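Taking it in order: structure first as structure tokens, then the write-up.
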Amino acid sequence: MRVSRRRFLGASSAAAASGAALLTSTPMAYAVPPAILSPRQGGPPTPPAIEMIALNRMGFGPRPGDLERVQALGFENYVQEQLSPIDSQDTLLNQRLASAKLRIEYGPWESRISEDLPFSYLDAPLETLWPLANYQIEPEGAKRNRPLDEVIAATWLRAVYSTWQLRELLVDFWHNHFNVYAYTNQAVTTTWPLYDKIMRRNCLGNFRDLLREVAKSIAMQYYLNNASNTSGAPNENYARELFELHTLGSLHYFNTLYGDWEKVPGASEGKPIGYVDDDVYEASRALTGWTIEDGSRHGGITLPNTGRFRFNEPAHDRFQKRVLATNFDNDQKAEDDGERVLKLVSEHPGTAKYLCLKLCRRLVADNPPEALVNRAVAVWTASLNAPDQIKQVVETILRSDEFRANWGQKIKRPFELYVSFLRATGMEFPPNGLFNTDLAYGFSEAAGQRLFYWRPPTGHPDHSTYWLSTAITLRRWNGLNRLTQRDFWRLASGSQAPIPVRALTPSDKVTTRQIVDFWITRLLGREVAAEVREELMRFLARNRGFDVAPTGDAADLEERLNLMVALIGMTPDFQWR
Amino acid sequence: VDFSRRDFLIGCSAAIAAMGGGRIGHLAFASPTDSTERDILVFVFLRGGCDSLNLVAPTSDGDYINARPNLRVRPDGTNAGWAIGNALPGADFRWHRSAAGLRDLYDGGALAIVHACGLTNGTRSHFDAMDYIERGTPTSKTTASGWITRHLRSIGADGGISTELPAVSASGSIPASMLGSSSAVGVSGVTSFNIQGSYRYGESQQAALRRFYSLGDTPMHDSGIATLDTIDRLNSTPPSPDIEFPAGTPGDLQNALRTIAQLIRMDVGLQVATVDYGGWDTHEQQENPFTARVDGLSRALYTFYNYIYAYHSRITIVVMSEFGRRLKANNTGGTDHGHGGVMLVIGGQVRGGKMYGSWPGLAKEQLDNDVDLAVTTDYRVVLAEILINRLGNPALGQVFPGMDASLYQPLNLVFTSFTSLQPDFTGGGRSLYLPVIAR
């Protein structure tokens, strides 16, 4: 049945009016509070304590007890700890990973089989995963996609439960920096755990190592078509994004100098400060012959079918090349030319600038202070060959004065918003330890951020402006409502629905004021504007005073409690990071 | 209880305005922009670089035939294209075989083609090209506002707390062309745009949110208020009947055009709507996906245009992509990034059934960088002509900074409803502070 807007409005107003106590002047008194509206206050919000900033910027927000732990440890020690994650100490997460189940459904529709199985592919080697991508070996699509589904579910679990929050944040950063659409083809989907491992292994390591592993990965080779980049049929897709997105960035693209590489400043000394299309073309030639052994015809030979990376010499353009004003002699091996390109771009000052800008943007502010970026660049440049180059740069950023400032200039993306809500409330996720596909990516997709599902090579935008459109704002709010709904948890768990919010409210919190204050503290760890607090209390109390228990039948009370907690998640305060 | 939602909104917003001091520029509902004379512009962006040489193909051109031994539209036989009457001289131009709906619009006089058209900046980067085009500044991709934003601003239709919806992105997220607009909203569906989760308390949640988000003035607060205003606006008018698309029309395109059709019929003060339609970056095995994309576009626009027949005299649809693709097909059955593209202009006041522009030819020396279709018509000139003649906005210098009389050589492809307007090339206007947006 469709309830008309007018009827719905009328009914709710009448209900509100009949309640009376606080609502006397007008039927719309609930919607227009009797208190005078405060003028809108200008400027950014008051920053919270440094420990709270750290928990929000170095990860996905606090879980209950985290704030106290970091306060006891001290900010500097927390940074130290987070920079050196130790897997064996990740007790809570390890338990969750071991016990979690992920549903898989397969078979013909009339006799569908549904099984709840633990993770089995997260650490699987190529030799296990590669044949699984072959539909002749594994005809069930759900089983071929299972490795990706496991990584998605595990990524949620890690974000919610890992002690090593900074690592999870950086893994997410690198996944977006080296974005690959996980459904590029079946091989990419099925071998996704291997691509995820590259980010995990190198997220605090050396950038050149990371770049090299990505360049040779199954995922990137197919996503940007380098696997089919041969001297007979060159394809510039990977080479272009290598320059534009992975290393120097478009801020160092001199497209006005098309065909005039010598005119790029610095070119005459062999150190051009940026790149032109010629560099892209020549780099793509240098990368010809880099491919994946997938049994296809390539450069005149038939490749073996192993899934391994391969330098296929016959497909390599053997003639001389010039990349970034550096001459490559003819007849170098396929391996050497490509490696040389990666070394050139990874050590380029433009790359230092672009990557440090992006790291500062992720960790501090959408438009980070230039002085901070420059200090990070100095560390990046001094540690080009250090195995912990990225760690040194990140540490510089985290220990800067700028890290403590600039609050209120960056909002959580949808994934961060939902994870931080799950963490802050302390809700059991997934309910009963069981992921279905809806839990793994359904509600986050609705808000525009489904993991590993971003088609363009840019990765999810890191600039808040993108996430502030009205459509996304509404979906962000609705996602929080959904996370507190009984139906959602029932659907998700497929059995007896837990009622997370009510169960998590201590039994000694009885009055509306006590309940609301408890949840404000739990989610925000700080006070909110008096108007916000009052509005939350009004929402829960309805027609009653704030210092008595809210009343209503059990279902009604539960609904109001759930929605009130969701509302705290929708406050401006909860959006900042 | 007898009150209208609209009265309440006005009261509420006025209260906020009174408390908010000078922050609110104007209240659109108090002095509505006179938008009834202006066309509604629907701006469809084909993201990824649409292969203009296979959408509107010079089938008889020898260089085209040589460069694309397999991947081309032919005058007859397999992959024969639809003949285009009143075409540019220089080749036997034909629509791709899956563009039957576009052909019908063209033959019916509602659609004009502008070929060899696009961005004068030579970038081959998708993202840069889109930034340049959508910001309307071919020399800067970091301009703080989009061209649609500056259009709205120069006609006084941007800013202020308003329940009008002058600028809508029907694909959800706000494109760079609407960057910096405080009125632009992303709407992914008229009826779905609401607080979901509780019948009983949805209204109360909205009221609480309105209070939360009126307590500050950051862009996030503004976005929250705009979201609530949009919810109110869209839910205060009953939705119109659904538009039925033929089978095979892509879902995202259906949703976007359905939303726009409903907004038009709901009379919500719509002035500009944008639609994104991606999937054109066909580096490999282009034929099948390209055919499907063109087919989807063609069916969708044909159906949409016919559905809104009552508004034909007041609607202009523009279709463009960030660039065309390389003349020479690559060896993996695809095409790499190119340059010159094609623009389609559809509407009741379009001098349709005709091809516009100037065909540069495809011989090596006629190509851009020796490899790509050259741009002989700056896309801004096409948009500028629509701005002044259909949207009643002569402020071309503000919308497209740097545009001058020498650059503005209109093709005369639309009739004008504003005979007294003269182009104004003075630029400037107050520039809104906005951080440079990283893509």
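Laid out as a table, the results:
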item	result
Furthest towards positive pole of dipole, B:315, B:330, B:303, structure part region B:270-333, Cβ charges	B:315
Residues residue B:80 and residue A:343, FRET efficiency given R0 of 35 Å [Cβ-Cβ distance, rounded to 0.05]	0.10
Where labels lie 7 Å past Cα in the beta-carbon direction, separation of residue A:308 and residue A:231 in nm	2.3 nm
Rounded, prolate or oblate (a/c below 1.5 giving rounded, otherwise prolate when a/b exceeds b/c) for region B:162-321 by Cα gyration tensor	prolate
Region B:226-234 - phi-based ³J(HN,Hα) in whole Hz, Karplus 6.51/-1.76/1.60, Gly and Pro as x	4, 5, 5, 4, 5, 4, 4, 5, 6
Positive minus negative residues near residue B:345 (Lys, Arg vs Asp, Glu; Cβ under 12 Å)	+1
For region B:71-102 versus region A:513-568, the gap between their alpha-carbon centres in whole angstrom	65 Å
Phi to ³J(HN,Hα) by Karplus 6.51 cos²θ - 1.76 cosθ + 1.60 over region A:90-96, Hz, x for Gly, Pro	8, 4, 4, 5, 4, 4, 5
Test item: Cα-centred dipole of chain A, Lys/Arg +1 and Asp/Glu -1 on Cβ, debye	1620 debye
Descending principal axes extents, chain B, alpha-carbon based, whole Å	73, 47, 40
Cut-off under 5 Å, modelled amide H: who pairs with residue B:278 long-range	B:47
Charge sum, other residues only, whose C-beta stays under 14 Å from residue A:557's C-beta, Lys/Arg counted +1 and Asp/Glu -1	+3
Rounded to whole Hz, the Karplus (6.51, -1.76, 1.60) HN-Hα couplings of region A:113-121, x for glycine and proline	9, 10, 10, 9, 10, x, 5, 9, 10
Once exposed loop chymotrypsin sites (Phe, Trp or Tyr not before Pro) are cut out (DSSP; at most 12 other Cβ, 10 Å), longest piece of chain B	B:200-432
Counting DSSP beta bridges with both ends in the protein assembly as shown, the antiparallel % (nearest 5)	55 percent
DSSP loop chymotrypsin sites (Phe, Trp or Tyr not before Pro) with at most 13 other Cβ within 10 Å: longest gap in chain A	A:320-577
Summed residue charge, Cβ within 12 Å of residue A:355's Cβ, Lys/Arg positive, Asp/Glu negative	+4
Residue mean of other protein chain beta carbons inside 10 Å, A:232-238	4
Cut-off of 10 Å, at most 14 other beta carbons, DSSP loop: longest stretch of chain B lacking such GluC sites (Glu not before Pro)	B:38-243
Percent of C-alpha pairs per 20 Å bin, chain A, short to long	18, 47, 27, 7, 0
Restraint check, A:358/A:412; A:358/A:391; A:353/B:141; A:216/A:358; B:141/B:354; A:197/A:391, Cα-Cα greater than 21 Å	A:216/A:358; B:141/B:354
Lys, Arg +1 and Asp, Glu -1 on Cβ, resulting dipole of region B:73-171 about Cα centre, debye, nearest 20	200 debye
Kirkwood hydrodynamic radius (C-alpha pairs) into Stokes-Einstein, region A:377-430, 10 °C and 1.306 mPa s, D in µm²/s	114 µm²/s
Estimated buried accessible area (total), pair B and A, 1.4 Å, Å² to nearest 100	7000 Å²
Computed [θ] at 222 nm, helices only, for chain B once each DSSP H run of length n ≥ 4 contributes -39500 (n - 2.57)	-9000 deg cm²/dmol
Amide proton proximity set for residue B:315, modelled H, under 5 Å, gap of 5+	B:40, B:348, B:349
Helix-only mean residue ellipticity at 222 nm for chain A, each DSSP H run of n ≥ 4 adding -39500 (n - 2.57), per residue, nearest 500	-14500 deg cm²/dmol
Globularity index of the protein assembly as shown, i.e. its alpha-carbon radius of gyration over 2.2 N^0.38 Å	0.95
For chain B, size of Cβ-based charge dipole, Lys and Arg +1, Asp and Glu -1, in debye	260 debye
Portion, in percent, of the accessible area of chain A that falls on carbon or sulfur, probe 1.4 Å	53 percent
Coarse-grained scattering of region A:301-418 at q = 0.14 Å⁻¹, given as base-10 log I(q)/I(0) from a Debye sum over alpha-carbon atoms	-0.76
5 angstrom amide H check on residue B:116, placed H, neighbours 5+ away	B:341
Efficiency of FRET between residue A:87 and residue A:209 - r from beta-carbon atoms, R0 25 angstrom, step 0.05	0.80
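The values are calculated or read from the model by the stated rules, or taken from the named source; none is laboratory data. In this text, all values refer to a predicted model and were calculated from it rather than measured experimentally. Methodologically, a virtual Cβ is constructed for each residue, glycine included, from the backbone with ideal geometry; neighbour enumeration extends over all protein chains shown. Surface areas here come from the heavy atoms of the whole protein model, side chains and all, with no ligands, DNA or RNA. Shrake-Rupley method; radii C 1.70, N 1.55, O 1.52, S 1.80 Å.
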